Amino acid sequence: MNLMHTKKRQLLNWIFISSSLICLVVGSFAVAFDYDKLQASYVQKFGLGALSNFNAWHLMMLAVKDLKDEDKLKRVNEFFNRRVAWGEDQIIWGQLDYWATPIETIGKGLGDCEDFAIAKYFTLVNLGIPIAKLRLVYVKAKVSNLPNSQDQAHMVLAYYPNPQAEPLIMDNQITEIRPASRRPDLMPIFSFNSEGIYLGVAGNDEQSGRSKLSRWQDLLQRVQLEGLN
């Protein structure tokens, strides 16, 4: 298989996951920002002394709320990539796999790839980006360009201007937002948002999607309790 064919196949996979819906649907989830409740939840978890990070997040959202969608993507992506450091769940939360809410990630200033993608997702939805245009995407990421390099499980956030469009990829490892065709190191497996789970590649990968659904449902409930209603 030549390089051009491989890139074409990867791009088709990115486009496919924007429109192929599995029958598992988690329900519509309209996000609205309850500032007082969210601030109270934050202070309860991290104390008044840690409010600077929360306030920076809030001010950033106020500053970009009237921008065009792609400008919002850039500002939100830069905000989290610069303010949050990467860390393992076991170190941050004492758990092997924990999906943090946006305010937990902001409060800790630490997160793994899933936490980055989740925080960006909820921030952008709160800024008026339609849920249908956003997908949290599980991918296999090549850790190097060596022929025998192993793929690593990774999560990114994808933005689809329309259902058949090439998505833009927001990644905690690369701050520049690039179209999927410029991320040949990523192979999409499946994606999801607050409306459902979407399958990118047939076969055993469907079971991976099902096993993650309960963790996503739990996160949605915790986010709502914190003030994103």
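How about region 57-78: which of its residues are under 19 Å from the mean Cα position of the chain (by Cα) and without any contact (Cβ under 8 Å) to a residue 12 or more places away in the chain?
D71 - this is the single residue of region 57-78 that is under 19 Å from the mean Cα position of the chain (by Cα) and without any contact (Cβ under 8 Å) to a residue 12 or more places away in the chain.
For P179, state whether it is in contact with a Pro (Cβ under 8 Å, 6 or more places away or on another chain), modelled with pLDDT of 90 or more and surrounded by fewer than 18 Cβ atoms within 10 Å (Cβ to Cβ).
yes
Given the criterion in contact (Cβ under 8 Å) with a residue 12 or more places away in the chain and in contact with a Ser or Thr (Cβ under 9 Å, 6 or more places away or on another chain), identify the matching residue among N81, N53.
So the residue among N81, N53 that is in contact (Cβ under 8 Å) with a residue 12 or more places away in the chain and in contact with a Ser or Thr (Cβ under 9 Å, 6 or more places away or on another chain) is N81.
Is there a residue in region 45-56 that is closer than 19 Å to L134 by Cβ and out of contact with any strand residue (DSSP E or B) (no Cβ under 6 Å at 6 or more places or on another chain)?
Within region 45-56, none of the residues are closer than 19 Å to L134 by Cβ and out of contact with any strand residue (DSSP E or B) (no Cβ under 6 Å at 6 or more places or on another chain).
On the given criteria, is A141 part of a strand (DSSP E or B), over 14 Å from S191 (Cα atoms) and touching a residue at least 40 places away in the same chain (Cβ under 8 Å)?
Criteria met by A141.
For region 182-220, name all the residues that are on the phi > 0 side of the Ramachandran plot and modelled with pLDDT of 85 or more.
If the condition is that a residue be on the phi > 0 side of the Ramachandran plot and modelled with pLDDT of 85 or more, then no residue fits.
Looking at A165, A100, A153, A132, which is the one that is assigned to a strand (DSSP E or B) and more than 11 Å from the chain's Cα centre (by Cα)?
Only one candidate qualifies: A153.
The values are calculated or read from the model by the stated rules, or taken from the named source; none is laboratory data. Every value quoted in this text rests on a predicted model; they were computed, and no experiment measured them. Cβ sites come from the backbone with ideal geometry, for glycine too, and all protein chains shown count toward neighbours.
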